[in-house]
Amino acid sequence: MLAKAYSFGINGLEAYLVTIEVDVSRGLPATIIVGLPDNAVKESKERVRSAIRNSGYQFTPSRLTVNLSPADTKKEGPSFDLAMALGILAATQQIDAARLNEYAVLGELSLDGHIQPVSGTLSVALAMNKNRFKGLLVPALNAAETAMANHIDVFAVKTLSEAVHFLSQPESLKPFKVDTEMIFRKANHYEIDFCDVKGQAHVKRGLEIAAAGGHNVLMIGPPGSGKSMLAKRLPTILPEMTLEEALETTKIHSVMGLIKNDQGIVATRPFRSPHHTTSDVAIVGGGSNPRPGEVTLSHNGVLFLDEVPEFNRNVLESLRQPLEDHWVTISRAAKSIRFPSKFMLVCAMNPCPCGQYGNPRAVCRCGSFQIQKYSSKISGPLLDRIDIHLDVPAVNYPELSSAAPSETSAQIKERVNQARAIQIERFKTTEGVVSNAQMNHKQIRQSCVLGKEENDLLKKAMTELNFSARAYDKILKVSRTIADLDGSPDIKTGHLAEAIQYRSLDRNWWG
């Protein structure tokens, strides 16, 4: 007898329908899986056989052929286990085959019949057509995440027996429901705060400007000056994610299996900090079946590269295209996949290999050639894509021991939100642009008009400091953000001068 079950596979970040056909025929006992299965799918026949027997059902001694359609797409992962088991039970007339066709099924089976969580269930739920299926059966531990897509009924099952019982008596299990808004508000908080950072007032100012305009940042300073501490707190002053952004971010993390079972949604800005030994594939994504990299996991958040000169040159250069386009396209012979990568890049580095160059309270033991070689690991084109350069000096004892209260993240975020509101109004008719950092040349000309005095100042800075054309655009974008923080419709000389000094580090260290 032939039976069908329906499940979903993941291609990049998107889910696609997989039809699981099970045919029982005469012949020597064997289970054959076809349809381009990977090793995890091939091994599922052993898990399925044991789960069916240990759940009290009969596993037929006949010849079983399981086809995963479409047959020209590689199937990966253990998420087809439950659907295959139910298909086998339907083909051997132990459950109603017609009822099985009304639901899509996801889940990995243990040998005792328990259902383990799988990755990408939110992507599946978002891709499902409610007119074709009555609902989606998922592992109980994936229910909260999957139910965030509230257009489809989600049924949480813990064991194979429970799934079989549901198919025979659908009224025995109610759809799993969540209050998306409540969970989003509850999860939208941070455990860290900017008030934890002592001193570094000018660095906090630079990070506030970066958050207000969505600008990339480079921090240079000796070890222990607080670069990592400051970077980790940057997401706390970024505007809160919208529910749409949260679902988009959750979808990415769901595919990678990074959602906590009790969380359900990613409600705070992602903060990713890969180690300097990370490969370029891990950064931008890739593989034979392309998977998202760190730039995609940082989507709508912050990508922090600590000790950036220690990263391989090809890794750093691979960031240039995602920083410009906010997309990563992974091309292979069989297919091409595009991943989103709209993130803020924050880099931190020591000024020299020993870290003490320019520190008045320590002695640098590096020669000039070593210092030049160390700083030159960051190429000019990549440096031009970083809008703000910040010098982070060592914190002195009076600042460390001071009991004076520092500004909280909430206070800084209030000013950031006001500046972002101005930008949202400015770009309300421009699709895909919500911050000053995303302006193109046409929008820069429209929004960054300079007076004669400001134009003379910028001309002098460009000539004497030998800035590149891209640096010219960055200065205008940052000055526009500083003006927005001041609530000024025009870019004044003070705004422009502050923006220029945030570009001076590439002349101090790379000049």
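The values are calculated or read from the model by the stated rules, or taken from the named source; none is laboratory data. Please read all numbers here as calculations on a predicted model, not as lab measurements. Cβ coordinates were reconstructed from backbone atoms using ideal geometry, including for glycine residues, and neighbour counts include every protein chain displayed. Heavy atoms of the whole protein, side chains included, go into the accessibility calculation; ligands, DNA and RNA do not. Shrake-Rupley method; radii C 1.70, N 1.55, O 1.52, S 1.80 Å.
Points worth noting:
- L247 vs. criteria part of a loop (DSSP other than H, G, I, E, B), in contact with a Leu (Cβ under 8 Å, 6 or more places away or on another chain) and open to solvent by 20 Å² or more (accessible area, probe 1.4 Å): no
- For the stretch 464-489, the candidate set comprises residues that are without any contact (Cβ under 8 Å) to a residue 24 or more places away in the chain and not polar (S, T, N, Q); within that set, the residue that is surrounded by the most Cβ atoms within 10 Å (Cβ to Cβ) is A483.
- Looking only at the stretch 490-511, and only at residues there that are farther than 16 Å from H215 by Cβ, modelled with pLDDT of 85 or more and of a type outside the set (G, A, S), the one that is most open to solvent (accessible area, probe 1.4 Å): K492
- Flag if A71 is open to solvent by less than 10 Å² (accessible area, probe 1.4 Å) and of a type outside the set (V, I, T): no
- Residues that are more than 26 Å from the chain's Cα centre (by Cα), open to solvent by less than 50 Å² (accessible area, probe 1.4 Å) and not aromatic (F, W, Y), drawn from the stretch 120-167: G135, L137, A156, V157, T159, L160, S161, A163, V164, L167
- Which numbered condition G432 misses (of (1) over 30 Å from the mean Cα position of the chain (by Cα); (2) at positive phi; (3) open to solvent by 40 Å² or more (accessible area, probe 1.4 Å)): (1)
- Hits in the stretch 362-380 (condition: within 18 Å of P222 (Cβ to Cβ) and open to solvent by less than 60 Å² (accessible area, probe 1.4 Å)): A362, C364, C366, G367, I371, Y374, S375, I378
- Answer from P175, P170, P117 - the residue that is surrounded by fewer than 20 Cβ atoms within 10 Å (Cβ to Cβ) and within 21 Å of G257 (Cβ to Cβ): P117
- Leading residue by the ranking (most open to solvent (accessible area, probe 1.4 Å)) among those in the stretch 394-408 that are out of contact with any Lys or Arg (no Cβ under 7 Å at 6 or more places or on another chain) and closer than 20 Å to G358 by Cβ: Y397
- Test: T65 is over 19 Å from L136 (Cα atoms), in contact with a helix residue (DSSP H, G or I) (Cβ under 8 Å, 6 or more places away or on another chain), modelled with pLDDT under 95 and β-branched (V, I, T): no
- Output for the stretch 258-282, where each listed residue is farther than 27 Å from T146 by Cβ and under 12 Å from the mean Cα position of the chain (by Cα): S273
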